Amino acid sequence: MEAYAALYVVATPLGNLGDLTARAADVLRAVPWVAAEDTRHSAPLLRHLGSPAKLLAAHEHNEEAAARQVIEKLAAGEAVALISDAGTPAISDPGARLVARVREAGYKVVPLPGPCAAVAALSASGIAAPHWLFHGFLPAKAKQREETLRELAALPAALVFYEAPHRILETVAALASVLGPGRRLVVARELTKLFETIHACPLGEALAWLEADANRQKGEFVLIVDAPAAAGDDAAETERVLKLLLDDGLPVKQAAKLAHAITGAAKNALYARALALRDGTDA
Ligand code: SAM
């Protein structure tokens, strides 16, 4: 193929070379320049492909300077590919600022979709929440991490996090303590690699599962926390608890009080609903 003067944003494998798309391979062989997060890391991939492209460094500390270099190449009519160490550039990786500068300069940016750890983990998680929020890495400091999690806790969406092995235990402990032990967690570890593991459990059981085997704490992680129970599910559960208490012979006031303690639903609403249930004025 012939690559025209554009910036090609190319997803590369997370671990399994077979995941490089045919189009990505064609582009990486055709462009004269590849801007890479870590040129030493990416050189073997280009060698493997037999690509004659020259490498430029484009990492988080030189993104503006790298953008100027890339724009010079494009101005000279040369195509440039952008890659990161693994997965899709600009997803918890450098690239977004470089892409913005190239677009501002009026050049075409062409995405080549492919591996992305968050999407791979979601696809195999079995989590059916219609919405999900990609958060990426949580703050390293405990206080900021908890504040961030408190902000995310009530969102009606599954939450997707990236985590490194040295923080996996403290992050999972923080998820359980802030989001609650009942929410479902999917741990997706070493995706596409030899020790790929995908494990689902309630958040309250996740720390024990990780601690039961030191190997489970190794490698790269995507953590997905399922969405909180929907309002409709909460209402059904509250109704179930209230009915159980009334059926057990508890007086209305006490049933409402206990149901409030169990479900957290508003006391007044529970009292009114318990009266209606007792008097048969509602089904
Ligand atoms: N740009 C990448 C992408 O598209 O997924 C993400 C890069 S980010 C710097 C690296 C993080 O992605 C890792 O710490 C881990 O959380 C996640 N990750 C990358 N490869 C992974 C894999 N094979 N299995 C699980 N998580 C992975």
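Apart from one condition, THR238 fits all of (1) more than 13 Å from LEU169 (Cα to Cα); (2) surrounded by fewer than 18 Cβ atoms within 10 Å (Cβ to Cβ); the exception is (2).
Here ALA140, ALA100 are screened, and the one residue that is closer than 30 Å to ALA3 by Cα, of a type in the set (A, V, I, L, M, F, W, C) and surrounded by fewer than 19 Cβ atoms within 10 Å (Cβ to Cβ) is ALA100.
Go through segment 174-194 and give me each residue that's assigned to a loop (DSSP other than H, G, I, E, B), more than 10 Å from the ligand (Cβ to nearest atom) and open to solvent by 60 Å² or more (accessible area, probe 1.4 Å).
Result: PRO181, GLY182, LEU194.
Does at least one position in segment 162-173 carry a residue that is more than 15 Å from the ligand (Cβ to nearest atom) and surrounded by 13 or more Cβ atoms within 10 Å (Cβ to Cβ)?
The answer is yes, given that some residue of segment 162-173 is more than 15 Å from the ligand (Cβ to nearest atom) and surrounded by 13 or more Cβ atoms within 10 Å (Cβ to Cβ).
Residues that are out of contact with any Gly (no Cβ under 6 Å at 6 or more places or on another chain) and within 16 Å of the ligand (Cβ to nearest atom) within segment 101-122 comprise PRO111, LEU112, PRO113, GLY114, ALA118, VAL119, ALA120, ALA121, LEU122, listed in sequence order.
On the given criteria, is ARG68 open to solvent by 10 Å² or more (accessible area, probe 1.4 Å) and over 23 Å from ARG101 (Cα atoms)? The answer is no for ARG68. Quick check on ALA129: is it in the same structural domain as GLU196 (by TED's automatic domain parsing), assigned to a loop (DSSP other than H, G, I, E, B), open to solvent by 50 Å² or more (accessible area, probe 1.4 Å) and in contact (Cβ under 8 Å) with a residue 40 or more places away in the chain? Considered against the rule, which asks whether it is in the same structural domain as GLU196 (by TED's automatic domain parsing), assigned to a loop (DSSP other than H, G, I, E, B), open to solvent by 50 Å² or more (accessible area, probe 1.4 Å) and in contact (Cβ under 8 Å) with a residue 40 or more places away in the chain, ALA129 comes out as no. Cβ-Cβ distances below 7 Å connect the following pairs, each with a first residue in segment 105-119 that is touching a residue at least 24 places away in the same chain (Cβ under 8 Å), a second residue that is assigned to a helix (DSSP H, G or I) and within 16 Å of the ligand (Cβ to nearest atom), and a separation of six or more residues or different chains: VAL109/VAL99; LEU112/ALA24; GLY114/ASP19; GLY114/ALA24; PRO115/ASP19. For segment 145-154, filtering for residues that are in contact (Cβ under 8 Å) with a residue 12 or more places away in the chain and loosely packed, with under 14 Cβ neighbours inside 10 Å leaves 2.
Does LEU49 count as more than 16 Å from the ligand (Cβ to nearest atom) and closer than 29 Å to VAL222 by Cα?
Answer is yes for this residue.
In the set (1) surrounded by 15 or more Cβ atoms within 10 Å (Cβ to Cβ); (2) not assigned by TED's automatic domain parsing to the domain that holds ALA129, ALA206 fails one condition alone, (2). What is the residue count in segment 58-82 for residues that are within 24 Å of LEU133 (Cα to Cα) and in contact (Cβ under 8 Å) with a residue 60 or more places away in the chain? Of the residues in segment 58-82, 0 are within 24 Å of LEU133 (Cα to Cα) and in contact (Cβ under 8 Å) with a residue 60 or more places away in the chain. Has segment 78-92 got at least one residue that is more than 13 Å from the ligand (Cβ to nearest atom), open to solvent by 70 Å² or more (accessible area, probe 1.4 Å) and more than 24 Å from THR171 (Cα to Cα)? No, there is no match, as no residue in segment 78-92 is more than 13 Å from the ligand (Cβ to nearest atom), open to solvent by 70 Å² or more (accessible area, probe 1.4 Å) and more than 24 Å from THR171 (Cα to Cα).
The values are calculated or read from the model by the stated rules, or taken from the named source; none is laboratory data. Predicted model, so just to flag it, every value in this text is computed and none were measured. Cβ sites come from the backbone with ideal geometry, for glycine too, and all protein chains shown count toward neighbours. Accessible surface areas use protein heavy atoms only, side chains included; no ligands, DNA or RNA. Shrake-Rupley method; radii C 1.70, N 1.55, O 1.52, S 1.80 Å.
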